[in-house]
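K.L.:
Below you'll find the structure I mean.
The values are calculated or read from the model by the stated rules, or taken from the named source; none is laboratory data. On a predicted model such as this, the values are computed, not experimentally measured, just so you know. Every residue, glycine among them, receives a Cβ derived from its backbone with ideal geometry; neighbour counts consider all protein chains shown.
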Amino acid sequence: MGWLVATCLAVVVPVSVLLVWTDPGSPRSVPDRLTEAWRTSAETLRLGAMTGTPLRMMLSALLGLVALLCVSTLVGVITNSLAERMAELSRGRSTVLEQGHVVVLGWSDQVGTVVGELVAAQAAHRPRAVVVLADQDKTEMERALAPRIGPGARTRLICRTGPASDPAVLALVSPQAASTVLVLPTAEPRADAEMLRTLLALRAVIGEGAAGPPVLAAVRDDHYRAAARLAAGPHGTVLETDTVTARLIAQCVGRPGLSLVLRDLLDFAGDEFHLADATAFHGRPFGATLLGHANSCVVGLLTPQGRTLLNPPADTVVAAGSRLIVLTRDDGTALPEDCLHLVDASATATGRPPAEGPARLLMLGWNRRAPLVVGQLRRTARPGSVLEVVTEGAVPGPREPEPEPVREPEPEVAHERAPGPAAGARLTVRFRSALLPWPETLLGPDLAPYDGLIVLGPDPGDGQDHPDDWTLVMLLALRLLQERSGGRELRVVSELTDDRNRPLAPVNPGSDVIVSGELTGLLMAQIAQNRHLAAVFDELFSAEGSTICLRPAGNYVRPGGEATFATVVAAARDRGECAIGYRRDDRRTAAPDHGVRLNPHKAERRLWSADDQVVVVTTEAVDVPEATEATEPIEVTEAAQTAQAALSDEASGMP
């Protein structure tokens with residue numbers, strides 16, 4: 001402070017004297033000039049310009065110093081208060097005052113997909129704010145989610161920082177005033193337990209017995225589902241992420257291109273499922289609704305009691321108060337219009353399609369979803385099918401098996417779960433241990449006999465920071481095998497954890513790449529917009545009931561002939577199915593959708609080839625044989641024994 005005062009005086013006083021002495025209008029006498037120099041210096045330093053006796057000048061300077069001190073202190077207090085308030089706002093610790101907003105709790109790989117789809121869904125409606133609460137830095141969250149929103153979006157993004165399982169922090173986002181609350185799963189080992197804590201904190205904030213907003217949560221382990229449903233309340237919906245992913249993997253094995261169809265169905269960029277008015281069809285059979293809309297595809301009914309009927313029999317009567325489940329562009333676009341005149345009966349295919357035989361499948365790798373995938377294949381595979389599993393080391397299962405004394409394993413020894421008394425078993429599972437993902441491991445076997453391949457990467461918590469690297473190496477090895485085998489197209493179903501690696505996957509158009517996190521995010525965004533769709537997607541991804549299939553177009557219309565899509569819908573209706581789109585045979589050059597076209601206009605005419613496929617919602621009856629398989633006493637690898645125990649454990653509790 002002393003040096004600062006000395007510096008100011010050393011500059012201000014000489015300059016003031018110079019100004020007075022160089023001013024032609026300044027006084028002539030030296031005392032008067034010194035007085036004028038004092039006045040200039042005092043005004044510059046804000047010390048007052050009082051002149052007269054030395055005492056008056058000293059008192060004037062004292063008042064100036066006091067005023068300067070008070071003003072500086074006041075400015076400092078205001079500045080510090082504003083800085084602290086701005087810092088608090090930047091940390092995301094202020095209360096959200098929105099009404100009817102969407103609350104997203106947690107930070108995971110799905111958050112970008114969920115926020116992006118919510119913004120896209122609200123683009124054509126009244127925009128609502130999306131509030132994200134996670135234990136992350138507010139600025140980093142906003143920077144990560146900004147590309148998902150886009151510059152022209154009207155939806156406001158609000159980020160708050162803190163653990164969602166803390167009721168005091170959770171109250172900042174005003175969940176009691178929200179329209180929907182989404183609880184995202186994380187990749188942590190205790191993600192399900194943390195999700196339960198968040199749901200309990202949500203009940204504490206909203207109040208026991210209070211009518212809160214619908215809650216949508218996701219768990220990885222089925223054992224937490226009952227507790228999560230109880231914690232979510234009567235209006236809550238709980239998804240099983242691992243089960244849904246396993247079901248989709250199992251379904252894509254026999255239906256190449258299914259992942260592309262489901263991705264198009266689940267995002268809000270094109271057509272998606274909506275509920276439409278069924279007043280025009282009250283008292284009429286459900287089959288009449290399939291050709292009752294020109295620009296929408298009907299797939300089911302929502303009864304007045306709230307029951308969802310997906311692909312019901314064509315003679316099911318549409319009761320008063322029912323609503324139609326339709327695939328359409330948006331709410332209000334499913335307008336009734338009779339399309340029966342567009343059906344060309346002469347173009348309909350005759351005869352029954354040939355029955356499909358058993359399949360031989362190969363699974364490379366193992367993770368926590370592998371037992372669920374095998375369980376789904378057991379329920380849906382055609383009788384006599386074979387699944388060969390190639391693992392590396394011990395295979396983890398739902399429960400660690402009891403240690404058993406085994407003889408020294410030999411390399412490349414396979415173990416087959418012998419059919420035994422159940423000769424009509426659907427699926428026979430064999431295990432083999434090998435070094436994966438080295439390409440040399442796969443260069444020996446002949447992949448020609450396999451009808452489908454499944455590539456499962458390791459779990460992120462198994463010492464793999466980037467499990468997709470393992471999967472990409474496996475896909476490159478398979479591509480090399482495909483080139484060495486004469487270019488035969490391999491139907492590969494692979495699983496990735498990061499959607500950014502999807503363009504890097506070296507797969508052909510006949511293969512499917514499934515990103516588990518993205519799938520969960522899309523499902524949660526769809527159900528958040530319409531909770532009645534939860535039952536629809538639950539049935540579509542289940543092993544029983546209705547599901548989505550890609551069938552050869554020759555099953556519905558004559559190959560090489562021209563027909564409208566209404567003709568395809570009528571032919572599918574006669575087979576007890578609901579046609580919702582098709583996949584062109586020129587899919588090799590039709591990236592990124594690879595020829596998939598959903599919800600075409602009923603009047604659309606095209607030349608149907610034998611390689612075209614029709615996307616249908618169909619009901620496949622599944623007869624699960626009794627689990628009476630026996631095991632032959634043969635020498636097996638430790639990995640095979642561990643995998644066998646894991647599959648035995650999950651067979652009894654498979655959802």
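K.L.:
Taking into account only those residues within the stretch 500-517 that are surrounded by 19 or more Cβ atoms within 10 Å (Cβ to Cβ) and touching a residue at least 60 places away in the same chain (Cβ under 8 Å), which is farthest from the chain's Cα centre (by Cα)?
P.N.:
Ranking the candidates gives Ser511 first.
K.L.:
Looking for whichever is part of a strand (DSSP E or B) and either assigned by TED's automatic domain parsing to the domain that holds Thr180 or closer than 25 Å to Val513 by Cβ (or both) here; the options are Leu260, Leu239, Leu230, Leu248. Which one fits?
P.N.:
So the residue among Leu260, Leu239, Leu230, Leu248 that is part of a strand (DSSP E or B) and either assigned by TED's automatic domain parsing to the domain that holds Thr180 or closer than 25 Å to Val513 by Cβ (or both) is Leu239.
K.L.:
For residues in the stretch 487-533 being of a type in the set (S, T, N, Q) and outside any helix (DSSP H, G or I), which is farthest from Pro304 (Cα to Cα)?
P.N.:
Asn508
K.L.:
Among Ala603, Ala591, which is outside any strand (DSSP E or B), surrounded by fewer than 24 Cβ atoms within 10 Å (Cβ to Cβ) and at pLDDT below 90?
P.N.:
So the residue among Ala603, Ala591 that is outside any strand (DSSP E or B), surrounded by fewer than 24 Cβ atoms within 10 Å (Cβ to Cβ) and at pLDDT below 90 is Ala591.
K.L.:
When you check Val130 against the structure, is it within 22 Å of Gly270 (Cβ to Cβ), at pLDDT below 90 and in the same structural domain as Asp222 (by TED's automatic domain parsing), yes or no?
P.N.:
Taking the combined requirement at face value, the residue does not satisfy it.
K.L.:
Spot the failing condition for Gly100; the list is (1) in a loop (DSSP other than H, G, I, E, B); (2) over 30 Å from Thr328 (Cα atoms), and only one is missed.
P.N.:
Single failed check for Gly100: (2).
K.L.:
Mind counting the residues in the stretch 96-112 that are surrounded by fewer than 24 Cβ atoms within 10 Å (Cβ to Cβ) and over 18 Å from Pro213 (Cα atoms)?
P.N.:
4
K.L.:
Aliphatic (A, V, I, L, M), modelled with pLDDT under 90, over 30 Å from Asn530 (Cβ atoms) and in contact with a Gly (Cβ under 8 Å, 6 or more places away or on another chain): does that describe Ala394?
P.N.:
In short, no.
K.L.:
Let me ask another. Can you tell which of Leu362, Leu265, Leu290, Leu342 is touching a residue at least 60 places away in the same chain (Cβ under 8 Å), farther than 24 Å from Val614 by Cα, of a type in the set (A, V, I, L, M) and surrounded by 13 or more Cβ atoms within 10 Å (Cβ to Cβ)? Lay out the reasoning, then the answer.
P.N.:
Values: Leu265 fails: farther than 24 Å from Val614 by Cα; Leu290 fails: farther than 24 Å from Val614 by Cα; Leu342 fails: farther than 24 Å from Val614 by Cα.
Residue meeting the stated conditions: Leu362.
K.L.:
Please enumerate the residues belonging to the stretch 221-243 that are buried (at least 21 other Cβ atoms within 10 Å of the Cβ) and under 30 Å from Leu364 (Cβ atoms).
P.N.:
Passing the criteria: Leu239, Glu240, Thr241, Asp242, Thr243.
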